[in-house]
Amino acid sequence: MFEYILLRCINSINGERTAAGIYNLLVGKRSSQTLQDAHAYQLTDFFAIYKPLERIELFHAINQLKEEGKIFIKSEDERPELTAYGNEHLGRLSNEWEPLYFNGIRLHEKIGLFEERLYLYIQTITNMKKGNKQFLPITDRNDILRWVKMNYKANKTHLMDHIHSIYHELYSLLSEVNEEEAAVFTYRLTGAGLIGLSKQQLADMFHLPVHNVHLHIQHFLHHLYQAIENKPGTYPSLSIFVEEKETSHLITNSAQKTYLFIKQGMDLETISERRRLKMSTIHDHVVEMALVQPDFPVSLFVSEQEVKEISQVMDELQTNKLKSIHDALRGKFDYFFIRLVQARMQHQKSEAKI
């Protein structure tokens, strides 16, 4: 799965970004450039799906793909592209792995909480059913411990039925994914008298790279979360793990502060001075807002005619490379305006996809 995702990313960026851009995407770097790339290259599903990934591990995997003849890297700019063999291999992997259920751009901040609640809750209810009240919880996060305690109290009067319900709902959803992924997730669980395996232990057991173990687990969690979210009536016991309110944390805290000043009618120069930030940083914030705020007033910065002119060139060139677009417009527009129009178009495409 890890190889497939890397090849998907390389194919989508089509030689317009370096491997570092792919790394930033997978770990979920909170920057306007990474967020914009995720939208521009239709890779939003993979945003932040591999937060623990080390940079050196990513580059090792890229070099491995190069040695196997699946990609080539231009020496002048170090941007990977697929070879003909790599493209064929991507097609074979696509048949094996699609459809994927990742939805990183929307769920990346929810999945971690969901995962910890689920694991600790299963550990708790199975131990309590066995009468073992002295078990060592698998997490020491106070917010998770409080949540589990509250929900256990709400369900302890009918605990056996509750356990059976969770079991059958989980079994049903595990049956929808491939057998190996279901097994990896299951062996990860900790219960009464049974300690969940580490990712390395799972890798050894299933003869898989640790990368694939992590992605199998994350993939099933994404599938699980969305299935419960879409049909809470079908999975009433598991629905307690899904957050009801929709929150958006895609914009960095710093960008949110800039957004407040813009809503107060302050111009960018004044905001830059007030916040003691470079204008380029303020521009980054504005681009972030245009990507994730459906009602963000782009017209404050670029006119309708300018949007039309820039977007027309973008459509003609079919590229996200800023320099190519800037050159085609003969330097008429600042890079900030081009990025802003890009962001608005990318947001609209994402909304249409949803």
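The values are calculated or read from the model by the stated rules, or taken from the named source; none is laboratory data. Predicted model, so just to flag it, every value in this text is computed and none were measured. Don't worry about glycine lacking a Cβ; one is built from the backbone with ideal geometry, like all the others, and counts go over all protein chains shown. The area values use the complete protein model at the heavy-atom level, side chains included, leaving out ligands, DNA and RNA. Shrake-Rupley method; radii C 1.70, N 1.55, O 1.52, S 1.80 Å.
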So what is the diffusion coefficient of the chain in µm² per second by Stokes-Einstein at 37 °C and 0.692 mPa s, using a Kirkwood Rh over Cα pairs?
144
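Quote the charge dipole size of segment 68-211 about the Cα centre in Debye, to the nearest 20; the model charges only the Cβ of Lys and Arg (+1) and of Asp and Glu (-1).
Details: 17 positive and 20 negative charges, 242 e Å.
The calculated dipole for segment 68-211 is roughly 1160 debye.
Using a Förster radius of 35 Å, what is the FRET efficiency between ASP267 and GLN318 based on their Cβ-Cβ separation? Nearest 0.05, please. Write out the running numbers ahead of the final one.
Values: r = 34 Å, r/R0 = 0.98.
It comes out at approximately 0.55.
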Nitroxide proxy distance, nm - points 7 Å out along Cα→Cβ at LEU194 and TYR85
4.3
How large is ³J(HN,Hα) for each residue in segment 184-189, as worked out from phi by the Karplus curve 6.51 cos²θ - 1.76 cosθ + 1.60 (θ = phi - 60°), to whole Hz, x for Gly and Pro?
4, 5, 5, 5, 7, 6
Have a look at GLN134, GLN64, GLN36 and tell me which one the Gaussian network model of the chain (Cα, springs below 10 Å) gives the largest fluctuation.
GLN134
Can you bin every Cα-Cα distance in segment 86-167 into 10 Å intervals starting at zero and give me the percent of pairs per bin, rounded to whole numbers?
15, 35, 22, 16, 10, 2
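Can you give the extra length, in nm with one decimal, that the chain gains between SER299 and GLU179 once fully stretched, where that is 0.36 nm per residue apart less the Cα-Cα distance?
Working: separation 120, 0.36 × 120 = 43.20 nm, distance 5.11 nm.
This chain segment gains 38.1 nm when fully extended.
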Measure of exposure for GLU78: accessible area at 1.4 Å probe, Å² rounded to 10, is 130
Select from PRO236, THR190, HIS216 the residue farthest towards the positive end of the dipole of segment 160-245; place +1 on Cβ of Lys and Arg, -1 on Cβ of Asp and Glu, and compute about the Cα centre.
THR190
Viscosity 1.567 mPa s, temperature 4 °C: give me the Stokes-Einstein translational D for segment 268-354 in µm²/s, with Rh taken as the Kirkwood radius over C-alpha pairs.
95
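Over all directions, how big on average is the projection of the convex hull of the alpha-carbon atoms in segment 1-157, in square nanometres?
Numbers: hull surface 48.8 nm².
Mean projected area of the Cα convex hull: 12.2 nm².
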Accessible-area order for LEU136, LEU43, largest to smallest, probe 1.4 angstrom, reads LEU136, LEU43
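Given a cut-off of 25 Å, name the pairs among LYS149/LYS199; LYS278/LYS332; LYS29/LYS278; LYS110/LYS199; LYS257/LYS278; LYS133/LYS153 whose C-alpha atoms lie farther apart than that in the structure shown.
Values: LYS149/LYS199 27 Å; LYS278/LYS332 23 Å; LYS29/LYS278 20 Å; LYS110/LYS199 21 Å; LYS257/LYS278 14 Å; LYS133/LYS153 14 Å.
Cα-Cα > 25 Å for LYS149/LYS199; rest within.
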Cβ-placed point charges (K, R +1; D, E -1), dipole of segment 146-215 about Cα centre in debye, nearest 20:
600
On the principal axes of its Cα set, how long, how wide and how thick is segment 200-244? Give whole Å, largest value first.
38, 14, 14
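Determine one quarter of the surface area of the Cα convex hull of segment 23-68, which equals its mean projected area, and express it in nm² to one decimal.
Values: hull surface 13.8 nm².
The Cα convex hull of segment 23-68, projected and averaged over all directions, gives 3.4 nm².
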Using a 1.4 Å probe and ignoring any ligands, DNA or RNA, find the accessible area of HIS162 and quote it in Å² to the nearest 10.
10
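Rg(Cα) of segment 196-282 divided by 2.2 N^0.38 Å? Before the final figure, lay out the partial values.
On the way: Rg = 21.8 Å, N = 87, 2.2 N^0.38 = 12.0 Å.
Rounded to two decimals, the normalised Rg is 1.82.
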Please determine, in degrees from 0 to 90 and to the nearest 10, the orientation of helix 2-13 with respect to the longest principal axis defined by the Cα atoms of the chain, where the helix direction is its Cα long axis.
20
Counting only protein heavy atoms and leaving out ligands, DNA and RNA, the solvent-accessible surface of LYS321 at a 1.4 Å probe, in Å² to the nearest 10, equals 70
With every atom except the alpha carbons ignored, what do you get for Rg and Dmax of segment 1-88, in angstroms?
12.0, 34
Using 0.36 nm per residue, how much length does the chain from ARG275 to SER75 gain when fully extended, once their Cα-Cα distance is taken away?
68.0 nm
What is the Cα radius of gyration of segment 180-337 over 2.2 N^0.38 Å, N being its residue count?
1.57
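Can you tell me the convex hull volume per residue for segment 133-253, based on C-alpha atoms, in Å³ to the nearest whole number? It would help to have the intermediate numbers written out before the result.
Numbers: hull volume 19.0 nm³, N = 121.
Enclosed volume per residue, from the Cα hull, is 157 Å³.
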Size of electric dipole in the chain: Cβ of Lys, Arg +1 and of Asp, Glu -1, about Cα centre, debye, nearest 20:
1240
Taking the chain as the reference, fit the longest principal axis to its C-alpha atoms, fit the long axis of helix 159-174 to the helix C-alpha atoms, and give the angle between the two in degrees, 0 to 90, nearest 10.
50
Positive end of the dipole of segment 234-342, charges at C-beta (+1 Lys, Arg; -1 Asp, Glu), about the Cα centre: which of GLN318, SER272, LEU329 has its Cα farthest in that direction?
SER272
